[in-house]
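Scroll down for the structure; my scribbles are underneath it.
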Amino acid sequence: KAGVTQTPRYLIKTRGQQVTLSCSPISGHRSVSWYQQTPGQGLQFLFEYFSETQRNKGNFPGRFSGRQFSNSRSEMNVSTLELGDSALYLCASSLEQTYNEQFFGPGTRLTVL
Amino acid sequence: AQSVTQLGSHVSVSEGALVLLRCNYSSSVPPYLFWYVQYPNQGLQLLLKYTTGATLVKGINGFEAEFKKSETSFHLTKPSAHMSDAAEYFCAVSERGLTGGGNKLTFGTGTQLKVEL
């Protein structure tokens, strides 16, 4: 079974721009979660989508948004980029239940200049 | 709100020595507990998890962890370290009873494990 894939792997943007990151979950997984990883704040939960609906949300500003498509693929968007948005963005997919393992993708490294 | 504390941001052991990485959690209800490992430029890989049942959990690569409710701990151990174990390790909790169910992991700050010859 193919793992979680994320595209692109690396991205460089400038302040004020917007960016869209993509995540394809493992086949059969309907839950997709997004996390931000930075040296200063560590790993922080952004949001989770299940069956095209946002099911849980972390404490991030409204500039961070996401969506999920009918095939469970997910995208996250960050508008009006700030320097502090530079991070590794990780996507994880899982089966429905909370205790199920989340399988992580390799991440997208976003650098904001 | 849940929280996870990992004592020691850096741990160094000799090859063949015991590995002990500490994790304490704070939660109003017993959470689901996980240990993940991250190698450079890669995502996270699950080592083991505790949901219910036996409190001593065995994972991949010879790692195990014991859930101790009275101590709110979930420390990770491996009897004999190998050079390939050098990586960053994260303890995480998943909240039970979220409205609508779902997944939301709260991570500790991570422990960088160094294995020396």
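The values are calculated or read from the model by the stated rules, or taken from the named source; none is laboratory data. A quick note: this is a predicted structure, and the numbers were derived from the prediction, not measured. Quick reminder, even Gly has a Cβ in these numbers, built from the backbone with ideal geometry, and neighbours come from all protein chains shown.
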#### Entry: Residues of segment B:58-117 that turn out to be in a loop (DSSP other than H, G, I, E, B), within 11 Å of chain A (Cβ to nearest Cβ) and touching a residue at least 60 places away in the same chain (Cβ under 8 Å), as a count
6
### Query
Within segment A:83-113, can you find the residues that are of a type in the set (S, T, Y), in a loop (DSSP other than H, G, I, E, B), facing chain B (nearest Cβ under 7 Å) and in contact (Cβ under 8 Å) with a residue 12 or more places away in the chain?
none
### Task
Just one of (1) closer than 26 Å to B:T52 by Cβ; (2) part of a loop (DSSP other than H, G, I, E, B) trips up A:F45, so point out which.
(2)
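Yes/no per residue for (1) at pLDDT 95 or above; (2) buried (at least 21 other Cβ atoms within 10 Å of the Cβ); (3) of a type in the set (F, W, Y):
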position	(1), (2), (3)
B:P40	no, no, no
B:F63	yes, no, yes
B:H75	yes, no, no
B:E88	yes, no, no
B:G100	no, no, no
### Query
Only one of (1) under 25 Å from A:P106 (Cα atoms); (2) free of Cβ contacts under 8 Å to residues at least 40 places away in the same chain; (3) part of a strand (DSSP E or B) is not met by B:V11, so which one is it?
(2)
### Query
What are the pairs, 6+ residues apart or on separate chains, where a residue within segment B:23-37 that is within 11 Å of chain A (Cβ to nearest Cβ) and touching a residue at least 12 places away in the same chain (Cβ under 8 Å) has its Cβ under 9 Å from a residue that is part of a strand (DSSP E or B) and of a type in the set (K, R)?
B:Y32/B:K49; B:L33/B:K49; B:F34/B:K49
#### Entry: One residue from A:E75, A:E96 being surrounded by fewer than 15 Cβ atoms within 10 Å (Cβ to Cβ), farther than 23 Å from B:Y89 by Cα and of a type in the set (D, E, K, R)
A:E96
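Conditions tested, residue by residue: (1) under 18 Å from A:A87 (Cα atoms); (2) touching a residue at least 60 places away in the same chain (Cβ under 8 Å); (3) surrounded by 12 or more Cβ atoms within 10 Å (Cβ to Cβ); (4) in contact with a Leu (Cβ under 9 Å, 6 or more places away or on another chain).
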residue	(1), (2), (3), (4)
A:G16	yes, yes, no, yes
A:S22	yes, no, yes, no
A:S27	no, no, no, no
A:P39	yes, no, no, no
A:G42	yes, no, yes, no
A:F47	yes, no, yes, no
